[in-house]
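The values are calculated or read from the model by the stated rules, or taken from the named source; none is laboratory data. All values reported here derive from a predicted model rather than from experimental measurement. Neighbour counts run over all protein chains shown; Cβ positions are idealised from the backbone, glycine included. Side chains included, ligands, DNA and RNA excluded: accessible areas come from the protein's heavy atoms. Shrake-Rupley method; radii C 1.70, N 1.55, O 1.52, S 1.80 Å.
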Amino acid sequence: MLMIGILTLTLALVALYILSRIFIQKLFNVLYRFTGNNKRASVLLGLIFLPGTFVHEISHFLTALFLLVPVSDLNLMPEVQEDGVKLGSVSIGRSDFIRRSIIGIAPLIVGAGIIFWVTTYIYTTGKLTDLWFITGLVYLIFQLTHTMFSSKKDLSAVLELVVFVGVVSAFLVIFKIYSPFTYIYQSIQGLEQFILKLSYFVFIPIGLELIFLAMFRKIRV
């Protein structure tokens, strides 16, 4: 069940990442159609996602400070690039790939954690029938799911870490050193229910993304 939960969560996050990128580009196209100007459309996009962008960039910023990595130039306004729209940015100083990876995935961890905590709170307190709480939850999910994923530059550092872990794992297997794998498996076994529950919660924003994209199809963006 643990591996099924991890696989489900991974696939759900990949799907959510792809859908959120498509949505942001579609929304920018709508704003551009109404304003007729790239700069005005990007400013409006930045205002729409300002709360989520703040959470994203401050996650990078505070994590870097905690890991003693220099940071500067916190920017919360979007930039139009060839491959899409960049909602915000923060300059991170040079560091090793392990710290870069942790800084890179910080917004994903923080965003997913907030969604999980708030959704669990509303469910366990019986506030699912409260319109204001549900409206707030949808808005929170809307903000975080479109801003919690890292940029391609951030993910490149994560890829370095994945390659490093893969090489070390292969080395341990070749020399039949299995104790680290056993220790890791036993350590995360207690998180089985948490991982499964989190993977189920990720399907909530996926459903919202599909609804939003269906709305865009109506207006032929």
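Observations, loosely collected:
- Rounded accessible area per residue of the stretch 4-125, 1.4 Å, Å²: 55
- Whole-percent carbon and sulfur share, accessible surface of the chain, 1.4 Å: 71
- Computed P(r) (all Cα pairs; the stretch 94-177; 5 Å bins; percent): 3, 14, 16, 14, 12, 11, 10, 9, 7, 4, 2, 0
- Using the Cβ-Cβ distance between I184 and I114 with R0 = 25 Å, the FRET efficiency computed as 1/(1 + (r/R0)^6) comes to roughly 0.45.
- Across the chain the C-alpha pair distances fall into 5 Å bins from zero in the proportions 1, 6, 12, 15, 17, 17, 13, 9, 5, 3, 1, 0, 0 percent.
- For the chain, lysine pairs with C-alpha atoms less than 26 angstrom apart, excluding pairs fewer than eight positions apart on the same chain, total 13.
- Shape call, the stretch 22-140: gyration tensor on alpha carbons, a/c limit 1.5: oblate
- Pairwise centroid distance, computed over Cα atoms, of the stretch 157-221 with the stretch 14-71, Å: 23
- The distance between label points at V168 and Q193 comes to 3.1 nm (points 7 Å beyond Cα on the Cα→Cβ vector).
- Sum of -39500 (n - 2.57) over DSSP H runs of 4+, divided by residues of the chain (222 nm, nearest 500): -26000 deg cm²/dmol
- Under the simplified labelling scheme, the L47-T135 pair shows an inter-label distance of 2.0 nm, with each label point 7 Å from Cα along Cα→Cβ.
- Point-charge dipole on Cβ atoms (K/R +1, D/E -1) for the stretch 46-132, about Cα centre, debye to 20: 280
- Net charge contributed by nearby residues that have their C-beta within less than 12 Å of S20 (K/R +1, D/E -1): +1
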